[in-house]
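Written below as structure tokens is the structure these notes are about.
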Amino acid sequence: MLAMILAGGQGTRLGKLTRFTAKPAVPFGGRYRIIDFALSNCSNSGVNTVGVVTQYQPLELNAHIQNGASWGLAEKNAGVTVLQPYASSEGEKWFLGTAHAIYQNIAYIDLYSPKYVLILSGDHIYKMDYEAMLAYHKAQHASLTVGVLPVTMQEATRFGIMNTDETNRIIQFEEKPKHPKSNLASMGIYIFNWQTLKKYLVDSYSTDGRMEDFGKDVIPAYLSHNEPTYAYAFHGYWKDVGTIQSLWQANMEFLEPDNPLDIDDRSWRIYSRNDALPPMFVTSTAKVHRSMIVDGCYVAGEVDHSILSQNVKVGTGSVIRDSMIMPNAVIGKNVLIDHAIVGERAVIGDGGQVVGTPDDIAVVGFQEVLGRMEEDD
Amino acid sequence: MLAMILAGGQGTRLGKLTRFTAKPAVPFGGRYRIIDFALSNCSNSGVNTVGVVTQYQPLELNAHIQNGASWGLAEKNAGVTVLQPYASSEGEKWFLGTAHAIYQNIAYIDLYSPKYVLILSGDHIYKMDYEAMLAYHKAQHASLTVGVLPVTMQEATRFGIMNTDETNRIIQFEEKPKHPKSNLASMGIYIFNWQTLKKYLVDSYSTDGRMEDFGKDVIPAYLSHNEPTYAYAFHGYWKDVGTIQSLWQANMEFLEPDNPLDIDDRSWRIYSRNDALPPMFVTSTAKVHRSMIVDGCYVAGEVDHSILSQNVKVGTGSVIRDSMIMPNAVIGKNVLIDHAIVGERAVIGDGGQVVGTPDDIAVVGFQEVLGRMEEDD
Amino acid sequence: MRKQDMCAIIDLNEPSAALAPLTDERPVGTMPFAGRYRLVDFPLSAISNADIRTVGIFLPKSSRSVEDHVRSGQAWDLDTITGGVFTFPYVATRDYDDPANVHRYYDNYLTFLIKSKSEYVFITGARNVSNIDVSALLHFHQASPNPITAVYRSVPTASANPEQEAFVLDADNEVTDFAASKDVAERKSNHTKPISMQMYLTRTDYLIELLSRVQNSGKFIRLPELIHQEITTAQANAFEYTGYCATVHDIPSYFQANMDMLDEEKFHSLLFSQRAIYTKNKNEAPTYFAPEADVLSSLLGTGGRVYGKLRDSVLFRNVYVDHDAQVLHSIVMQGSRIGNGAHVEYVIMDKGCVVGPDVQLVGTAEAPIVLKKGTTILDQSAAEEVLQS
Amino acid sequence: MRKQDMCAIIDLNEPSAALAPLTDERPVGTMPFAGRYRLVDFPLSAISNADIRTVGIFLPKSSRSVEDHVRSGQAWDLDTITGGVFTFPYVATRDYDDPANVHRYYDNYLTFLIKSKSEYVFITGARNVSNIDVSALLHFHQASPNPITAVYRSVPTASANPEQEAFVLDADNEVTDFAASKDVAERKSNHTKPISMQMYLTRTDYLIELLSRVQNSGKFIRLPELIHQEITTAQANAFEYTGYCATVHDIPSYFQANMDMLDEEKFHSLLFSQRAIYTKNKNEAPTYFAPEADVLSSLLGTGGRVYGKLRDSVLFRNVYVDHDAQVLHSIVMQGSRIGNGAHVEYVIMDKGCVVGPDVQLVGTAEAPIVLKKGTTILDQSAAEEVLQS
């Protein structure tokens, strides 16, 4: 099985955090970037060949992924390949939608002649065994298996909902139904039999070219053609971090000692590419509670119920509360940061204030500089 | 110094050989691909950070380059990055010309804050010490140094010609002059002071946006603004392999034992990414003369004045003469190949004939299949 | 990366005296083979092809060539984040008089096995050159009753080496004992004897239990002998390997194994099967065949230059064969040179040897002449000296 | 990759007896340091930061921790196509009674130096923890008259260890001899003594010539002594290193070097300079500070969980400090656990130690209590036993 991670979106709902980087490269949980979860799941599931499809600000994502060795994915005849737009003798190949992005990369997939293709999104936080899902796909003799999450009926109105029969076969797909008939929300995770999917895509693009999106176009086509399409229910922690609010929420949940994600579980590690940094230094003026801190940090202020990512500096007299600070941010002295996300390499000058509320998280963007440091620093 | 290799062109003049691959990924000399020369020159010159700009059929080029380790270019805070088109919050970034491709990748270059940027082409066969050229650039206090090759006055009419004063300062640039005033042909190799070049590009794209091409736009602008622009003469073997004829010619020259490229010189190695293959097998029915053969080959026929690349099979009774056979090609029995280039993974069935002339080289394309093998094979 | 079902142990402490002088500075495991490889490439590739990513290498006395060749194990995909190559230094036998060293001997194995978190362990040496499908061996083992599976090949009685270790098989085709092949009955069905390949597969927890037991007893028994003992006290499953195999134990067997590779069928069986053989890669230029080159029935590495005549020979990387030189039935290792008009026949030239112009050096198939690493023979009188010694 | 101007030799055969039991299974070079590093990271990083890509490591008796840590050298960019880490196995002194082993001792060095194709060679150990600029050292050497440059630091006479090796400098500030620091005159200008850092730089061809000469004489003199002899017969340039440096030679000096890292100035000088310190990377989760955590003036590695009180301590990866536990003035290595209500003060806990609930373990700054690897102390009576022994 080969995996394609759709990491393409600009993620405009993440605002200033994705002005200079793709959403999957956004930092999470102090030591990770969002795409680490999908890549680590692949590695732990024995999925050794992964194409990462992206077309928005790919520099940081490329630098992060490199050859995939950090996730154990740099083997011969396998590996991680970042797939960007390119030109061919038939013209320029831009990606217009999730399914179209797969169509444009048929040549890449065919290099490995996979029997199954796993389609993933690059912006979900979860741990999932794709090998078990494949076993289910095979057992059902499915043409397509869709990963679904049981949600409450109330939440179901905000998702794409799969209505199934008693064998878990999907009989209807409704996008954000007002009156949901089921609580099985699509996770945007698909296993396709590759030859069948390829045929649908090639046929479509040699005729009307309408197969742009999996949810809108491909699943309805599969259902109307009676392709055996099954739902595979996932029971576990799963979070889409596509908005500032949900990204902050997921980070706060990550802080909980009994978080079901269980990041310390060594049998299903989340890998990442990290630099080797000095240990964290907690000075004689610091206070740290209910928080997670990683290497390279220097803490002389108070940190309460917050996450500090690599190489974050917090000056004396500063208070950081209910916040997530991304790598290489510098927080001066006597700063107040409350209900906020501070972007990579941001600088908050002495005495600065970044204060949000639980419903309106304050954001400081990538490399944004607020105020200035005192002379003596 | 950071290098940018412009590997973008489709190389339509290479016809069937580049239908599915970028020109710099075209095989050369049995064990190399064209871009190996520029990458190895960088490595041997101590240029550790290399951006490879490409937008045409990048799969094979990406698979070849990987993380640059094959050329010793995979160090921390350095390395090889393949740069393809991408979208940013300002819109989609396609590359419209050599200078425009650099403009579109300013963010990448600025990551490394280089003082100098070396611009290279990915389709030249040569060995050159860029460190020596940089020393010259510094000694002249140049803003731009252009690598030039002294050619005959007759050839000069086919090149971009640099007219210089007695200090080697370039005072005029003429594209393919009918009556050349100098014999210094531009090699498409430039060393720029990065901040100056960046200013020219940014200024241009914030106004008229005309700085698309180095030869057509940037050099004339530098000359008209009196930027100190110098010619650096290269003395050695140099070949542009942009046409079928010149690619064949360069391969035939490569066969000469006294070829000035001196591929065996261990102090300036040309590196490549190779698979570990079994040794070449020359059977009891083979004849091999004036030829170069590499690992993985199986030769049961006659090979005269030809190059066999990795994993080429030649059946009994076949004759290969004055030809270049690319990797993984299979030549059946009793085949005649004369004055030809046979593309990667091509198959020439038993009894087939591929015959060109010195002025009209026959070409079999990538994965092209001519005829068929006899049953007993 | 996959979950780690198996790990492997390669023991490079194999008898090498009969291969001198080729083994003066290397173990059998790093002997060059077939123009391109080292013997240890074969177990390493078999391991890699079975998706094993954790390998323990027990180093022999001269370990530098092993470290130089294997390094991080990248060529075999062994440099991953959860696996890796673990090397264990050589300890001289006399040092096992010291109980602390005996304790450490077992500790080395135990630490490795426990850290591997594997369910099964494959144990092999390097001198049985083969291309074994370790995944198939695992499936066979899982379907078989005994805790250990041992690997053999069927060798026609006529060609079996009488001293080589063979299996004593019972009616159920299970191994009950070992003996020299001459003392083992021929199998009437096909007139062969089951020759041991000194490869074993067992559960990791079983081996841990076994090693801990001996460690606690304070006795010193090396792992291969320990497995022997276990098999003879109980019994083992016998897995038959049917592909090409050569046991390199002396100069003639080494010479013959290389010459075997000039047989297309054996060459393809060993080197061009579904399971590729990986080795450390080198950047070399193509090999140049001059107008006057005359090459038949030979294997050649890259980076060579051939102006003379080659017949039935195996040449490694960067070999230079000058004008009018003849190289017949010979093995010529990396960086060697054969001068103008020289005649070399039934000769094994180790790395970096030089045979000067017009020198005649003729051995026999049974007793090839062996030139040790770096030998330079500039004229015929020097050649005679070598032949005398 | 650049052209190779320099290579380096790291000799990990350094005195370790005074550091027992921390050095029972590792050399000084792989002692954990500052919550994150091994001592050998400092010479390896200095080498890497000077663009050196070819390093020879002479292994000590217990070499497994070195191999596990250094591996292919990737963390220090030493796994390139033209460079690499070359390890040379330990040979016991008694084995040098055998002339063949003596010959091989020199051959190891010579082979490495010749293969390196370098112009200069930097020679160092690992016990002098520092962040030296080897490029600056090279420039100094190139501008100096003598064939060898030796590195020293100026230590105030009051704090100099009287037994430590110091330079005897002449009027031109050149080294003419070595002596114990107590026997070397104080430099009046700044009341310091020039303490040797046992680092040297010389031309590669000079060293090759030197080693070949001794090899041919048949005598056995180890490289460090050989360089000493050379310097005392002629003289050497003296290069002063002015950054942070600690010599780890016994338990108190090891303890103090770690405590030094709680001084912000020393921490930044050593670990946050322009020249980064690289080490093998590990994937660990962030360290969790519980609501009741109370942490001041401490260094912590990742993957830890802190529910108790920490003061003036250095914690490595994956350390668990339970509720109401107190850890004061202590070094706690990877994977150790301190139970509920335990009180640990002036203690060095090696890897994987456990101190049980309510156990009191209090040493002194001059004589910290050392728990060897894997020690488990479940109750106070067990603690008393440890204190007695």
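For the reader, a short list of remarks on this structure follows.
- Under the simplified labelling scheme, the D:GLU265-B:LYS115 pair shows an inter-label distance of 3.3 nm, with each label point 7 Å from Cα along Cα→Cβ.
- Centre separation in Å (Cα based) which lies between region D:83-157 and region C:317-389: 38
- Share antiparallel - DSSP beta bridges, the protein assembly as shown, percent rounded to 5: 35
- Region D:92-159: C-alpha gyration tensor shape, a/c 1.5 cut-off, then a/b vs b/c: oblate
- Amide hydrogen proximity for A:GLN172: with H placed 1.01 Å from N in the peptide plane, the residues at 5 or more positions away or on another chain lying under 5 Å are A:ASN163.
- Look at where the Cα atoms of region C:228-297 and of region B:228-258 average out, and the two centres are 41 Å apart.
- For chain B, relative contact order (Cα pairs under 8 Å, six or more residues apart, normalised by length) works out to 15 percent.
- Taking all Cα-Cα distances within the protein assembly as shown, those exceeding 48 Å account for 44%.
- The helix-based estimate of mean residue ellipticity at 222 nm for chain D, built from -39,500 (n - 2.57) per DSSP H run of four or more residues and divided by its residue count, is -7500 deg cm²/dmol to the nearest 500.
- Tensor-based shape of region C:6-271 (alpha-carbon gyration tensor, a/c under 1.5 rounded, otherwise prolate or oblate): rounded
- Considering only beta bridges that DSSP places wholly inside chain B, some 35 percent are antiparallel.
- With the simple model of a label 7 Å out from the Cα in the direction of the Cβ, B:ALA139 to B:ILE106 spans 3.4 nm.
- GluC sites (Glu not before Pro) restricted to region B:27-123 and DSSP loop, no more than 11 other C-beta within 10 Å: B:GLU90
- D:GLU163-B:GLN367 pseudo-label distance in nm [points 7 Å out on the Cα-to-Cβ vector]: 7.3
- Against the empirical 2.2 N^0.38 Å (N residues), region D:38-192 has a Cα radius of gyration ratio of 1.21.
- This ranking places D:CYS245, A:CYS297 by how few other beta-carbon atoms lie within 10 Å of each, fewest first, which gives D:CYS245, A:CYS297.
- Whole-number percent relative contact order across region D:288-388, with pairs defined as alpha carbons under 8 Å at least 6 apart: 17
- With R₀ set to 22 Å, the beta-carbon distance separating D:ASP170 from D:THR233 gives a calculated FRET efficiency near 0.95.
- Length-normalised contact order of region D:1-137 in % [C-alpha pairs under 8 Å, at least 6 apart]: 39
- Anisotropy class of region A:1-120 from Cα gyration tensor, a/c 1.5 cut: oblate
- Residues of region D:156-200 with amide N under 16 Å of a point placed 7 Å along Cα→Cβ from D:ILE221: D:176-178
- Proxy reagent accessibility, fewest Cβ within 10 Å first, across D:HIS103, B:HIS100: D:HIS103, B:HIS100
- Dividing the Cα radius of gyration of chain B by its Kirkwood radius returns 1.00 for Rg/Rh.
- Cβ-derived FRET efficiency at R0 41 Å, B:HIS305 paired with B:GLU175, nearest 0.05: 0.65
- Per-residue Cβ neighbour rank within 10 angstrom, fewest leading, C:ILE251, D:ILE377: C:ILE251, D:ILE377
The numbers here are math on the coordinates, done by the rules we state, and not lab data. Treat the numbers as computed from the prediction; the structure is a model and nothing was measured. Every residue, glycine among them, receives a Cβ derived from its backbone with ideal geometry; neighbour counts consider all protein chains shown.
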